[in-house]
Amino acid sequence: MRMTHSSAKKDGFGRPFFCHVLSVLGLGCLALPAFAQGAIYRCGQEYTNSPQGRTDCVRIHVPPAVTVIEGTRPNAGPLPARTTSEGGTALVPGQRTKADAVREPPAAQRERDVQARAILLQELAQAQQQQAQLQQAFKDSETAKQADKTLTVKAALERNQRDIDSLQRELARRPVAANP
């Protein structure tokens, strides 16, 4: 007894039929945007695409769906700024010049720099004080021969020393505020 699958033969809706239907639907979907660009009318307070003989309707212009912005440069470097002069337009580089770097910061920025430096100095003093306490605790734990406490205090000492080093690096980067 031989069994075959012949559902396509029974009802006539096999693979070729569905491929044909899908291709017709695909072409129809591609043609839809062309039909969607029809005229739009404003009839009083109502917008429609079929005015149906009304006399108060005015056709309005609808811009295309795709907007192209000209003149963009992706991943481009800094563009030169344009300034006007007496002789016309001149290009000025987008980077700062040496005169800009020499210029003194405004008073508000100077005040913030002074405050930041004071906070860093305060934190450094606290960290150094804590370092001295940890060193004393480390000496005490070594003399008492407490191995587990010695390891935790030693780890805290190393962590605190890294904090002190980072605070000193940050202070070195900060400018020393000059009195105005």
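What follows is calculated from the coordinates using simple rules that are stated; it is not laboratory data. Computed from a predicted model, the values in this text were never measured in an experiment. Don't worry about glycine lacking a Cβ; one is built from the backbone with ideal geometry, like all the others, and counts go over all protein chains shown.
Descriptive notes on the structure:
- Positive minus negative residues near Ile164 (Lys, Arg vs Asp, Glu; Cβ under 13 Å): -2
- Between the amide H of Ile40 and those of Ile60, distances stay under 5 Å, these residues lying 5 or more places away or on another chain, with hydrogens modeled in the peptide plane.
- The stretch between Ala172 and Ile119, if pulled fully straight at 0.36 nm per residue, gains 17.7 nm over its current Cα-Cα span.
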